[in-house]
Amino acid sequence: MDTEKTRTASGPLRVGDGKLTRRLLIGIVLFATLFVLVAPLAAIFHQAFRHGTAAYLASFADPDTRYAIGLTIFTALVVVPINIAFGIAAAWAIAKFRFPGRGLLLALVELPFSISPIIAGVAYLFVYGGQGLLGPFLEAHDIRIMFAVPAIILASLFVTAPFVARELIPLMLAQGSEEEEAAVTLGAGGWRILRLVTLPNVRFALLYGAALCNARVMGEFGAVSVVSGNIRGQTNTLPLQIELLYQDNNAVAAFAVATILAGVALFTLIAKAVIERLDANAVRRAGGAGH
């Protein structure tokens, strides 16, 4: 009877309003999170420190491992700024302008999400490889791209191209172009509008997109494994070095190096939480100022 009164007063019960259903759903989510996400992450750190801190630190004394760390950082330092610039340009063009082929451009921006990274690596081989479209020309001019650092950078650029743009485009579309148009009427130029109007409005989405891009660059395996050649001490990034260490039955070193990528992932999650909180606070302050 009480249930019927409650339904009459507040409408029909929604899915999840019942205590049993709500507890069951929460339990399923927590169980899946524990065994699918938390347990593997905890296993990485457990295996890495299983023989003590000294063994963990000794794992990074290998010159090939140090080179892989340096190459991974170098790749991120090159790729992330380029994709930030590309993401801003693509988002601004798609969100602020109407032109023929706008939908096609949006589809092309998101294309890397639809293609397997390994397929992307093979495609680069068909273009820049020795038997590829540009292979004879590159070989004749002694330009080496495949199985070298440039190939790693190209593959990483392709795989991570959508991350910044995908964070910016929905936000720019929601914000509209009224502020930019007002700035134009006041005589502001394009670069000034971008710097003083557009970027401040999307700064938190830009930071989050950059953090995601960085994490993906450092953790990319499929495309890089195809184009790099897996040459120890020359073209091995951290994911490839982890695979080689594990194949060499050096599990402690493999898990130790893996903690770096796990740490990057954890840092990205923390950065996401901080950025979302800052964004929420900024929206709250803007709303209060508006009243």
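Quick note: the coordinates plus some simple rules give every number you see, no bench work behind them. It should be emphasised that the depicted structure is a prediction, and the values quoted were computed from it without experimental measurement. Ideal geometry is used to build each Cβ from the backbone, glycine not excepted, and the neighbour counts take in all protein chains shown.
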Towards the positive end of the charge dipole of the range 92-177, with charges on Cβ (+1 Lys, Arg; -1 Asp, Glu), say which of F147, G135, P100 has the farthest Cα. P100
Let's test this: bin the Cα-Cα distances of the chain at 5 Å from zero up to the farthest pair and state each bin's percent. 1, 5, 9, 11, 12, 13, 12, 11, 9, 7, 5, 3, 2, 1, 0, 0, 0, 0
Of every Cα-Cα pair in the range 243-286, the percentage lying beyond 11 Å is 69 percent
Treat every Asp and Glu Cβ in the chain as -1 and every Lys and Arg Cβ as +1, leave all other atoms uncharged, and give the resulting dipole magnitude about the Cα centre to the nearest 20 debye. 840 debye
Starting from the eigenvalues of the Cα gyration tensor, five times each then square-rooted, give me the equivalent ellipsoid semi-axes of the range 187-291, largest first, whole Å. 41, 19, 7
Per principal axis, descending, Cα span of the range 103-186 in whole Å: 54, 30, 22
Might you report the magnitude of the Cβ-based charge dipole of the range 179-291 about its Cα centre, with Lys and Arg at +1 and Asp and Glu at -1, to the nearest 20 debye? 320 debye
Would you mind putting 116-122, 245-251 in packing order, based on average other-beta-carbon counts within 10 Å, highest first? 116-122, 245-251
Using the Karplus equation 6.51 cos²θ - 1.76 cosθ + 1.60 (θ = phi - 60°), what ³J(HN,Hα) coupling, rounded to whole Hz, does each residue of the range 141-147 give in order, writing x for Gly and Pro? 9, 6, 10, 10, 10, 5, 6
Taking the square root of 5λ for each eigenvalue of the C-alpha gyration tensor of the range 28-177, the equivalent ellipsoid has semi-axes, largest first and in whole angstrom, of 34, 28, 15
Chymotrypsin sites (Phe, Trp or Tyr not before Pro) lying in DSSP loop within the range 93-174, provided at most 14 other Cβ fall within 10 Å: F97
